[in-house]
Amino acid sequence: MKAILVIALLILSTTIFAQEYNLKQKSEKAKGEILIGLCNIKGFMEAPFSDWFKREYENYHPELDVVKQLKQLAGKCQITVVLGTWCSDSRREVPRFYKIMDLAGYSPNTIKVICLDTDRSAGEIDISGLKVEKTPTFIVTVSSKEVGRIVETPEKSIETDLLSILKK
């Protein structure tokens with residue numbers, strides 16, 4: 001009985017608090033469409049984003065020994081990714097990040113993706129508390145406490161930097 005009640009509450013809260021994902025917006029500054037607000041991988045699989053996303057995803061070859069270590073830590077953290085689909089660093093690093101997460105078996109439920117416009121706004125989402133200055137920014141939290149972040153470009157590689165953060 002308790003399980004049914006919990007499931008019903010989860011469904012109800014998801015419906016009440018559901019936010020729209022993968023909103024597209026035209027941007028004169030970016031000279032085309034951009035994604036804004038909450039996004040997921042489905043948004044990157046649609047044109048015009050799929051061209052750069054799929055190319056970088058397929059061409060990136062992460063260090064498999066590091067990915068194997070990340071796999072052992074799957075489920076221990078949440079990662080918030082703040083990016084701009086208009087940003088060249090985001091176009092390079094975000095597909096690489098997704099490939100690493102896929103290979104390491106991370107659940108999409110452990111990843112929150114927020115896309116910004118060229119004015120660094122996420123539409124109706126207030127990101128001021130995240131203190132994002134550059135894109136992309138990968139914020140790693142454990143038990144709701146930030147334990148590290150990767151800003152713009154990794155020091156070594158996304159997978160190596162993530163592993164360093166999680167091993168602290």
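For the chain, the C-alpha radius of gyration sits at 1.07 times the compact-globule guess of 2.2 N^0.38 Å, with N the residue count. Checking the Cα-Cα distances for 68/156; 76/134; 54/145; 145/167; 31/112; 24/145 against a 24 Å cut-off, the pairs over it are 76/134; 54/145; 31/112; 24/145. Using a Cα-Cα cut-off of under 18 Å, which aspartates and glutamates could be cross-linked to residue 42, ignoring same-chain neighbours fewer than 8 residues away? By straight Cα distance, residue 42 reaches 20, 33, 51, 56, 58, 93, 102.
Applying both filters, DSSP loop and at most 15 other Cβ atoms within 10 Å, to the GluC sites (Glu not before Pro) of the stretch 65-168 gives 124, 133, 152, 155.
Full extension of the chain between residue 47 and residue 143 gives 31.0 nm of extra length, using 0.36 nm per residue less the Cα-Cα distance.
Projected label points at residue 128 and residue 92, each 7 Å from Cα along the beta carbon direction, are separated by 3.3 nanometres. Going from the fewest other Cβ atoms within 10 Å to the most, the residues 96, 120 appear in the order 120, 96. How high is the relative contact order of the chain, in percent, with contacts defined as C-alpha pairs under 8 Å that are six or more residues apart? With pairs under 8 Å counted, the relative contact order is 24 percent.
The numbers here are math on the coordinates, done by the rules we state, and not lab data. Source: prediction; values computed, not measured. All Cβ positions, even for glycine, are placed from backbone atoms using ideal geometry, and neighbour counts span all protein chains on display.
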